[in-house]
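Here you go, one structure.
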Amino acid sequence: MIDLLGAPVARSLNDATRERVARLALEGREAKLFIVRVGGDESDAAYLRGISRAAEATGVGVELAELEPNVPEGELEGLLLDLSADPGVSGILLLRPLPAGLDERRAAACIAPGKDVDAMGDRSLAALFAGERAPFAPATAKAVMELLDYYGYALRGRVGCVLGRSTVVGRPLQALLTAADATVTLCHSKTSGIAEICRRSEFVIACVGVPGFLTPEMVGDGAWVVDVGVNVTPEGGLVGDVDPAVAEVAGALTPVPGGVGAVTAATLISQVARAAERSMREEGNHG
Ligand code: NAP
């Protein structure tokens with residue numbers, strides 16, 4: 001069984017990003033991510049640490065604004081609009097979920113599409129679902145694609161399934177996998193016969209948020225399994241959506257922690273470099 005470790009994928013992505021950031025610097029450009037965090041949810045802490053590490057490894061700048069959970073909606077939207085207009089900011093990340101009372105879609109609509117490096121806004125998602133060469137994808141979904149690509153899994157012609165249909169992970173993953181010429185069944189809590197769908201899949205990507213949801217009986221021999229789940233145990237440990245015993249039947253499996261999560265921050269930071277490159281090109285076209 002192949003252990004699909006995230007660290008080498010993240011290193012390889014960071015190496016490529018570092019070169020691109022160095023090329024931008026030669027043109028006098030900085031790639032900079034501005035993170036907006038509302039309410040300081042502890043579950044963000046590991047992701048923020050990962051982003052800092054990837055930023056340091058690549059030379060991408062990072063700035064963080066921490067807002068109170070009861071920030072007026074107009075203030076949050078005003079900040080996102082200002083950042084969207086600020087030429088010193090290449091990419092904007094609004095950490096989600098937002099506290100109750102704040103409308104995520106309305107806030108995301110204030111992020112300029114060219115800076116929407118986590119593809120939160122409707123325009124970014126529409127481009128992704130239309131199968132266009134969308135500039136950005138939600139970082140977690142894209143991280144799964146980077147991981148499969150790094151380990152040489154050829155998606156063309158493969159038949160698989162994604163468990164979970166959120167707009168953060170499941171749905172964008174289905175779009176990305178389809179664009180890579182795989183055939184994908186998108187499963188959710190109302191899907192009947194989910195075990196059978198999984199069993200006849202050549203690859204299974206689990207993003208349901210249910211610890212140990214995917215069991216060995218649900219996995220076909222040699223299938224590739226990617227575990228996106230990050231679930232906190234009562235003891236404070238982290239477990240995925242895949243029962244570790246799946247390793248006995250799968251052809252390849254990502255660990256949790258140390259799998260997809262390790263790639264997500266590096267993917268996000270690489271999209272910040274892409275945003276800076278695109279903005280430079282666009283200015284060149286208009287100048
Ligand atoms: P979410 O918004 O809660 O969506 C969960 C999805 O799973 C929903 O579509 C839900 O179906 C489906 N589901 C729940 N229980 C199910 C069941 N028993 N059978 C079949 N489907 C079921 O969660 P999310 O934001 O997509 O996150 C999913 C997981 O990924 C979580 O563990 C989260 O922590 C993790 N995650 C990891 C990263 C990373 O970087 N590694 C980033 C983001 C999220 P319905 O639509 O029918 O309700």
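The values are calculated or read from the model by the stated rules, or taken from the named source; none is laboratory data. As the structure is a computational prediction, the values presented were derived from the model and not from experiment. Note that we place each Cβ from the backbone using ideal geometry, even for glycine, and neighbour counts take in every protein chain shown. All accessible areas refer to the heavy atoms of the entire protein, side chains included, with ligands and DNA or RNA removed. Shrake-Rupley method; radii C 1.70, N 1.55, O 1.52, S 1.80 Å.
Pick out, from the stretch 2-106, the strands (runs of 3 or more DSSP E) lying fully within it that include 2 or more residues that are surrounded by 14 or more Cβ atoms within 10 Å (Cβ to Cβ) and within 16 Å of the ligand (Cβ to nearest atom).
32-38, 91-94
Could you check the stretch 216-236 and list, in sequence order, the residues that are open to solvent by 30 Å² or more (accessible area, probe 1.4 Å) and modelled with pLDDT under 95?
Scanning the stretch 216-236 gives V230, V232, T233, P234, E235, G236.
Which residue is nearest to the chain's Cα centre (by Cα), if the candidates are limited to the stretch 207-236 and must be hydrophobic (A, V, I, L, M, F, W, C) and in a loop (DSSP other than H, G, I, E, B)?
For the stretch 207-236, the residue satisfying everything is V228.
Moving on to the next point. Can you find a residue that is open to solvent by 40 Å² or more (accessible area, probe 1.4 Å), of a type in the set (V, I, T) and more than 14 Å from the ligand (Cβ to nearest atom) anywhere in the stretch 193-212?
No; the residues of the stretch 193-212 include none that is open to solvent by 40 Å² or more (accessible area, probe 1.4 Å), of a type in the set (V, I, T) and more than 14 Å from the ligand (Cβ to nearest atom).
Only residues that are touching a residue at least 40 places away in the same chain (Cβ under 8 Å) and assigned to a loop (DSSP other than H, G, I, E, B): list them for the stretch 237-287, please.
Matches in the stretch 237-287: D241, A250, G251, T254, P255, G258, G259.
Also: Cβ-Cβ under 6 Å, sequence separation 6+ or interchain: first residue in the stretch 165-187 and in contact (Cβ under 8 Å) with a residue 12 or more places away in the chain, partner away from the ligand (no atom under 16 Å from the Cβ) and open to solvent by less than 30 Å² (accessible area, probe 1.4 Å). Which pairs?
A180/L155; A182/L155
Pick from the stretch 158-186 the residues that are touching a Ser or Thr at 6+ places or on another chain (Cβ under 8 Å) and modelled with pLDDT of 95 or more: which of them is nearest to the ligand (Cβ to nearest atom)?
So, considering only residues that are touching a Ser or Thr at 6+ places or on another chain (Cβ under 8 Å) and modelled with pLDDT of 95 or more, the one nearest to the ligand (Cβ to nearest atom) is V169.
Okay, moving on. Determine which single condition A252 fails, assuming it passes every other condition in (1) touching a Lys or Arg at 6+ places or on another chain (Cβ under 7 Å); (2) open to solvent by less than 60 Å² (accessible area, probe 1.4 Å).
(1)
Scan the stretch 223-240 residue by residue and report those that are closer than 18 Å to M1 by Cβ and within 15 Å of the ligand (Cβ to nearest atom).
Selection gives V225, V226, D227, G240.
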